[in-house]
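Heads up: the structure comes next, in structure tokens.
The values are calculated or read from the model by the stated rules, or taken from the named source; none is laboratory data. Nothing here was measured: the structure is a model prediction, and the numbers come from that model. Here the Cβ is made from the backbone with ideal geometry for all residues, glycine too, and neighbour counts use every protein chain on show.
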Amino acid sequence: MAEDFILVAEFPLLVPSSYRAETRLDEFGEQHIFDGLLSQQGSTHPFGNFGNRKPKFGGATAKLSAEQKLIVKVFRIAKNAIERAECLDFLRSQHTLLVGWEGASLVWEQAFDLLANLTKDNALFFSLDESNALYKAGLPEERCDGTYGDVFVDACLASGNTKSGKRDLGFAEWGRSHKTLGSWCYLLCFLSK
């Protein structure tokens, strides 16, 4: 299984001294709502849903704390298609902290340039979490397989070129109904320092 994941980058991450798990996503959303990456109300990621988010989202499996020091390893998926469950198994084998959206928001703030420029191709960077800790996106809707039901979304950052040709990094919508990830995808592995 390890051969399916290639280490391509590693960087330190410091949880800010003002960090509070209970309010992190609301504060992040309010701070960055006008940056363009955080879309309007009704988005399927939690930052655009102030006030609507709490009943649907219990927070990350691993709880971060203020001033916690982490190392983030970035692994490229080497296969054209791999099950999300296999990716979680790999992360568990690395003893990663599953921090979902909270970890992704910290990475966006502290490693924007690194991830935006890691590859010249479009890419998705996942901060996976256990299924019971995923964000429930809005009302039931059609899934990729044609059935209807609740859609739960993983924390995902997308890099690509803007219309002006500049590299950018924003939040993407990737539902649990997407069962496979591929060679355009990367895993963020959060480790205690």
Filter result (assigned to a loop (DSSP other than H, G, I, E, B) and either at positive phi or modelled with pLDDT under 70 (or both)) within region 167-184 = Ala172, Glu173, Arg176, Ser177, His178
query = Does Asp145 qualify as being at pLDDT below 85, in a loop (DSSP other than H, G, I, E, B) and under 20 Å from Lys63 (Cβ atoms)?
reply = no
message = Residues to consider are Glu3, Glu22; find the one that is outside any helix (DSSP H, G or I) and either exposed (fewer than 12 other Cβ atoms within 10 Å of the Cβ) or modelled with pLDDT of 75 or more (or both).
response = Glu22
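With the requirement that a residue be within 16 Å of the chain's Cα centre (by Cα) and within 13 Å of Leu128 (Cα to Cα), what does region 74-89 give you?
Val74, Phe75, Arg84, Ala85, Cys87, Leu88
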inquiry  = I want to confirm something. Restricting to region 72-128 and keeping residues that are of a type in the set (Phe, Trp, Tyr), crowded, with 19+ Cβ neighbours inside 10 Å and outside any strand (DSSP E or B), which single residue is modelled with the highest pLDDT?
reply    = Phe90
key: Inter-residue pairs, beta-carbon under 7 Å, first within 21 Å of Phe112 (Cβ to Cβ) and in region 17-32, second of a type in the set (S, T, N, Q) and at pLDDT 75 or above, 6+ apart   = Arg24/Ser105; Leu25/Ser105; Phe28/Ser105
ask   = What are the residues in region 151-166 that are touching a strand residue (DSSP E or B) at 6+ places or on another chain (Cβ under 8 Å) and at pLDDT 65 or above, if any?
value = Asp154, Ala155, Cys156, Leu157, Ala158, Ser159, Gly160, Asn161, Thr162
